[in-house]
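The structure under discussion appears below in the form of structure tokens.
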Amino acid sequence: MYGAQLMEALRRYDPSLEFFGVAGERMRASGCDTVVDAKELSVVGITEILSHLPKIWGLFRKLIIEADHRRPDLAIVIDSPAFNWRVARQMHKRGVPVVYYVCPQFWAWRQGRVRFLRKYVTKALVIFPFEEKFYRDRGVDASFVGHPLADLPCPAVDRGAYAVQHTLDAAKPWITIMPGSRPKEVRMNVPEILNAAHRLGPGYEFLLPVAPTLDQTFVQKLIGARSEIHLVDQALPALAQSRAGIIASGTATVEAAVMGTPFVMVYRVSPLTYALGRPRVKVSHFAMVNLIAGEEVVTELVQDRFTAENVVSELQKIVPEGPDRRTMIEKLAEVKSRLRGEQRDHLHPAGRAAEAVLELVRGAQAGTPAPTSRI
């Protein structure tokens, strides 16, 4: 999503730009020539990655060989630090300027790894307001451009038409469930979410937006013949129409905040991954919404606290009208405002990022103008 937004913003400035690299459906639709499909890199967790290392290494080599063939003017890496800092290092060795868009959350854990950005990245474009100071204090040229989701409008969807389209009962409250975007985390999160849905009873309908990195058949097998769970293709309309959400930690929590949908955050990984990773975490909250707010706006149910009973208990506080629900909606609106950043230039965050990227492209081409720039 972020890559596609950035490509479209860049093309508004320079329609001749060419893009190639790691891409998903949205980037392909925006004209990125796919060397590696993003789905093939959708692995999460420490122990889970080990079995995929040979495949990931092969995809990495394929990308670098293609870069050597096409000789890009600039490299843009987005998130995925375990893969992308290595891409950044190889591009740096070849004299290609590197932009890191959606920087790694090294402020949360492994802070020493900031040295990789300082050494190999020309410009860091960060999407959370507190990140700019963190990276600048550690010698990285970083600029806060705003979160790419912050300016997303609420989808104009008619509830009745949406209910007909997805065979929903419009008279019942709807709950959006978002268990993650990678197969492993979905397998870990879905069973307890389904238990919570069962405990809530027949008075609710549940919408499960299938992430573009997932196969719908895979998700359908996990939920089985649960008639109250409805698979849908887009998250934002589901969130906008729902009374509340059960949301796995990650970007989905920001999407829920932007839509103003109260939710409870859940997450579970393998016991070994949690045991290895938890001592390294340097922040007080897991949910990005809470980190931005500086307080617990949404309840975090992580690992052993993630039980059906706890999910139901928290939802029963925020689904009915009342002070808990009103307070959360107000706090989510404040988070959305912080994500936008200052609006003096009236640009979308992707537009601000595009201006920074083009400045580097022009600098890289100084003295050697080319008819077409490759990124």
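The values are calculated or read from the model by the stated rules, or taken from the named source; none is laboratory data. Everything quoted here is computed from the prediction, not taken from an experiment. Cβ placement follows ideal geometry from the backbone for every residue including glycine, while neighbour counts extend to all protein chains displayed. Ligands, DNA and RNA are excluded from the accessible area calculation, which covers all protein heavy atoms including side chains. Shrake-Rupley method; radii C 1.70, N 1.55, O 1.52, S 1.80 Å.
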Kindly list the number of the only condition in (1) of a type in the set (D, E, K, R); (2) at positive phi; (3) at pLDDT 95 or above that fails for ASP79. (3)
Filtering the range 180-200 down to residues that are in a helix (DSSP H, G or I), of a type outside the set (A, V, I, L, M) and in contact with a strand residue (DSSP E or B) (Cβ under 8 Å, 6 or more places away or on another chain) yields GLU185, ASN189, GLU192
Somewhere in the range 263-278, is a residue open to solvent by 20 Å² or more (accessible area, probe 1.4 Å), in a loop (DSSP other than H, G, I, E, B), in contact (Cβ under 8 Å) with a residue 60 or more places away in the chain and among the hydrophobic types (A, V, I, L, M, F, W, C)? yes
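Against the condition open to solvent by less than 40 Å² (accessible area, probe 1.4 Å), touching an Asp or Glu at 6+ places or on another chain (Cβ under 9 Å), assigned to a loop (DSSP other than H, G, I, E, B) and at pLDDT below 90, how does LEU149 come out, does it pass? Write out each step before concluding.
On the way: open to solvent by less than 40 Å² (accessible area, probe 1.4 Å): yes; touching an Asp or Glu at 6+ places or on another chain (Cβ under 9 Å): yes; assigned to a loop (DSSP other than H, G, I, E, B): yes; at pLDDT below 90: yes.
Against the criterion (open to solvent by less than 40 Å² (accessible area, probe 1.4 Å), touching an Asp or Glu at 6+ places or on another chain (Cβ under 9 Å), assigned to a loop (DSSP other than H, G, I, E, B) and at pLDDT below 90), LEU149 qualifies.
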Would you check which residues across the range 216-245 are more than 14 Å from ARG159 (Cβ to Cβ) and touching a helix residue (DSSP H, G or I) at 6+ places or on another chain (Cβ under 8 Å) and list them? PHE218, VAL219, LEU222, ILE223, ARG226, GLU228, ILE229, LEU231, ALA235, LEU236, ALA244, GLY245
Tell me which residues, restricted to the range 328-359, are closer than 23 Å to TYR267 by Cα and out of contact with any helix residue (DSSP H, G or I) (no Cβ under 8 Å at 6 or more places or on another chain). ILE329
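Quick one: which of ALA356, ALA350 is farther than 30 Å from GLY203 by Cβ, out of contact with any Asp or Glu (no Cβ under 8 Å at 6 or more places or on another chain) and modelled with pLDDT of 90 or more?
Values: ALA350 fails: out of contact with any Asp or Glu (no Cβ under 8 Å at 6 or more places or on another chain).
Just one listed residue meets the conditions, ALA356.
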If we ask which residues in the range 287-330 are crowded, with 20+ Cβ neighbours inside 10 Å, out of contact with any Phe, Trp or Tyr (no Cβ under 8 Å at 6 or more places or on another chain) and part of a helix (DSSP H, G or I), their number turns out to be 6
Close pairs (6 angstrom Cβ cut-off, 6 or more residues apart or separate chains): over 20 Å from CYS103 (Cβ atoms) in the range 56-77, of a type in the set (Gly, Ala, Ser) and open to solvent by less than 20 Å² (accessible area, probe 1.4 Å) anywhere: ASP73/SER373
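If you go through the range 201-257 one residue at a time, how many are part of a loop (DSSP other than H, G, I, E, B) and basic (Lys, Arg)?
The number of residues fulfilling the criteria is 2.
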Have a look at VAL77, VAL87, VAL99 and point out the one that is in contact with a helix residue (DSSP H, G or I) (Cβ under 8 Å, 6 or more places away or on another chain) and assigned to a helix (DSSP H, G or I). VAL87
If GLY112 passes every condition in (1) at pLDDT 90 or above; (2) in a helix (DSSP H, G or I) but one, which one does it miss? (1)
